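Bear in mind that the values in this text are calculations on the coordinates, not laboratory data. The structure displayed is predicted, hence computed values, not measured ones. Don't worry about glycine lacking a Cβ; one is built from the backbone with ideal geometry, like all the others, and counts go over all protein chains shown.
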Amino acid sequence: MPTTPDQLNDLIRRVAAADRVAFSGLYSATSAKLYGIVLRIVKRRDLADEVLQETYIRIWNNARSFDPTRAAAITWMATIARNRAVDEVRKVRPVALDDVGGVDEIEDPAMLISEQMELTADYVRLQSCLDALEPQRRDIVKLAYLEGRSREELGQLFGHPAATIKTWLHRSLKQLRTCLTT
Amino acid sequence: MTTDNDIDATAGEYVLGTLDPAERAVVAARRLREPALDAAIRDWELRLAPLDAETREIAPPVGLWTRIERRLDTPTDDRAAPVEIGQLKRQVQRWRRAAFAASAIAAALVLAIGVREQVYRAQPTNFVGVFQHGDVQPVFYLTIDLKTRELTLRPVSAERQPGKTYQLWIASNEIGPAPQSLGLVNDDLAPTRKSLTEFDPALLQRATFGVSLEPEGGSPTGRPTSPALHAKLLPATN
């Protein structure tokens, strides 16, 4: 199964030329990753199915705009999937606050990463910058990104008004940016 | 004044997904015409992307690939996107019925519909413009259907000012040196609709629109008496 970054780049280049066989290969190589990302955000299989379909249609339509010098192929694809998943989860319905699950949803990343991903330098760097945040604020950033949590949901989970969450997010983002660029 | 910090916080929250629906729709529209914002969003996407490693792979249902292939074979479904737009419109109606959304949120979905239509259609008829304080705070946005030449102005963060009213203007070389009033904005901040059939669609596409704060009843001079917020129509495709 083609999974190296170079192979993915090659597949996308062929998809840009409307190569269906390459598109099928790209789907085989990446759909489990993207489905995992989408499902974690939208939580519902029926929505995740719809979002994943739309994600691949966009990948097919926009393959020509992929720039391998700017981002890894999987990052480019995951960004499309996440963006679409967040659009979906934000539009579906107002937050039912009693619907919000516990804070224990952040899985132990160490296990997952050893399972399926090589520990990249970028990941280590981001993780060390996240760890420099206060633990609660780090969890808020990760729950927003990984679980698609809204400010209101995060406020409910952590017992603060949504406005406070927004302030914290802005400070955390600023701190992260500084940490990552120094 | 806009600072890099403002743009960066907005971009970061857009990528995190924590903007509320109205803010998110406005940012999605703004990034099409604001390269600095678009670049900041792309930077945050790259910064946070390593976190994707923490998400477990899950195989999608077996039939999903077939459904994708079928959609490729019927490209009109996706290019014209009537289904998606229909869904969004129903969504807007549902939200209105549920009385959950502030009008701005429902309106933002309408904006999203407009933007989608622009992206998908070769010859769009819908255009949007965003009125902002600095580059950050969207105050109003307008949509124009060039086919019917109907303009709709919706408040995003505009607030009522006692004894004052907002007034809408259009300016264009073809019209003359002074902006021309398009009338007052509804005082209850409900969407304001105007028929612009006296203007040529091509002129509307090029024109600058303005919103100024005027004494009750409108500008006494026929010209804006306060600094106006300006907006140009967003081109159809990017």
(request) Please name whichever of A:47, A:11, A:57 sits farthest to the positive end of the charge dipole of the stretch A:1-92, dipole taken about the Cα centre and charges placed at Cβ: Lys and Arg +1, Asp and Glu -1. (result) A:47
(message) Just want the ordering: A:37, B:170, from fewest to most Cβ atoms lying within 10 Å of their own Cβ.
(response) B:170, A:37
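How far, in nm, would the chain grow between residue A:163 and residue A:45 when pulled straight, counting 0.36 nm per residue and subtracting the alpha carbon separation? Write down the numbers at each step before the final one.
Working: separation 118, 0.36 × 118 = 42.48 nm, distance 3.12 nm.
Additional length available on full extension: 39.4 nm.
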(request) Extending each Cα 7 Å along its Cβ direction at residue B:150 and residue B:70, get the distance between those two points in nm, one decimal. (result) 3.5
(request) Would you order A:28, A:172 from fewest to most other beta-carbon atoms within 10 Å of each residue's own beta-carbon? (result) A:28, A:172
(message) Give the lysines reachable from residue B:147 as a straight Cα distance under 24 Å; neighbours fewer than 8 places away on the same chain don't count.
(response) B:89, B:194, B:232
(message) Taking loop as defined by DSSP and a crowding limit of 11 other beta carbons within 10 Å, which chymotrypsin sites (Phe, Trp or Tyr not before Pro) in the stretch B:155-212 fit?
(response) none
(request) Evaluate the distance, in nm, between pseudo-label points positioned 7 Å from the Cα of residue A:131 and of residue A:64 along their respective Cα→Cβ axes. (result) 4.6
(request) Summarise the partner chain shielding of A:33-43 as one whole number: the mean count of Cβ atoms from other chains within 10 Å of each residue's Cβ. (result) 4
(request) Please average, across the residues of B:58-70, the number of beta carbons from any other chain that are within 10 Å of each residue's own beta carbon, and give a whole number. (result) 6
(request) Could you grab the relative contact order for the stretch A:1-92? Cα pairs under 8 Å, six or more apart, rounded to a whole percent. (result) 37
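Could you tell me the convex hull volume per residue, in Å³, taken over the Cα atoms of the stretch A:1-92? Write down the numbers at each step before the final one.
Details: hull volume 7.8 nm³, N = 92.
Cα convex hull per residue, to the nearest whole number: 85 Å³.
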(message) Sort B:45, A:134 by Cβ crowding within 10 Å, fewest neighbours at the top.
(response) A:134, B:45
